[in-house]
Amino acid sequence: GSVVASYPYDDSPTHKPTGIYSKSADDEVFKYLAKAYASHHPIMRTGKPNCPGEEGETFQDGITNGAQWYDVEGGMQDYNYVWANCFEITLELSCCKYPPTSELQQEWENNRDSLLAFIEKV
């Protein structure tokens, strides 16, 4: 996991594992939506999730193009965009896949304003 808003495309023509910006026709809209969420999140907006084992990983403005981060062939985000005209971003909300119950209230606090800002844009 990480703390970042990712947007299409997740797949690239070369399928290089990382580092290929795979721009969609609606790239500016996706960046706008991803930034709407990230800019209201206290950790995401820093662009420095500081996840264990990935302490040096950074994301400008707390967002990333999926394929630039890591290539995912056949992902749901790309499929929905291409075949259903559904604009979808992926929100990585925690370094931990299954945060303990004791951390859920803080996760809600971290994401509440972001979620409301995102809903307003949608």
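The values are calculated or read from the model by the stated rules, or taken from the named source; none is laboratory data. What you see is a predicted model, and the numbers here were worked out from it, not measured in a lab. FYI the Cβ positions are ideal-geometry reconstructions off the backbone, even for glycines, and counts take in every protein chain you see. Accessible surface areas use protein heavy atoms only, side chains included; no ligands, DNA or RNA. Shrake-Rupley method; radii C 1.70, N 1.55, O 1.52, S 1.80 Å.
Data for the structure
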item	result
Residue match in the range 22-29 (condition: of a type outside the set (S, T, N, Q) and in contact with a Ser or Thr (Cβ under 8 Å, 6 or more places away or on another chain))	no
Tally, over the range 97-111, of residues that are closer than 14 Å to residue 45 by Cα and of a type in the set (Lys, Arg)	0
Options 84, 5: the member that is touching a residue at least 40 places away in the same chain (Cβ under 8 Å) and closer than 22 Å to residue 119 by Cα	5
Any chance residue 109 is touching a strand residue (DSSP E or B) at 6+ places or on another chain (Cβ under 8 Å) and acidic (Asp, Glu)	no
Helices (runs of 4 or more DSSP H) contained in the range 1-91 and holding at least 2 residues open to solvent by less than 50 Å² (accessible area, probe 1.4 Å) and of a type in the set (A, V, I, L, M, F, W, C)	27-38, 66-69
Pairs, first in contact (Cβ under 8 Å) with a residue 60 or more places away in the chain in the range 26-43, second assigned to a loop (DSSP other than H, G, I, E, B) and open to solvent by 10 Å² or more (accessible area, probe 1.4 Å), C-beta under 6 Å, six or more apart	33/89
Flag for residue 114 being closer than 20 Å to residue 49 by Cβ and in contact with a His (Cβ under 8 Å, 6 or more places away or on another chain)	yes
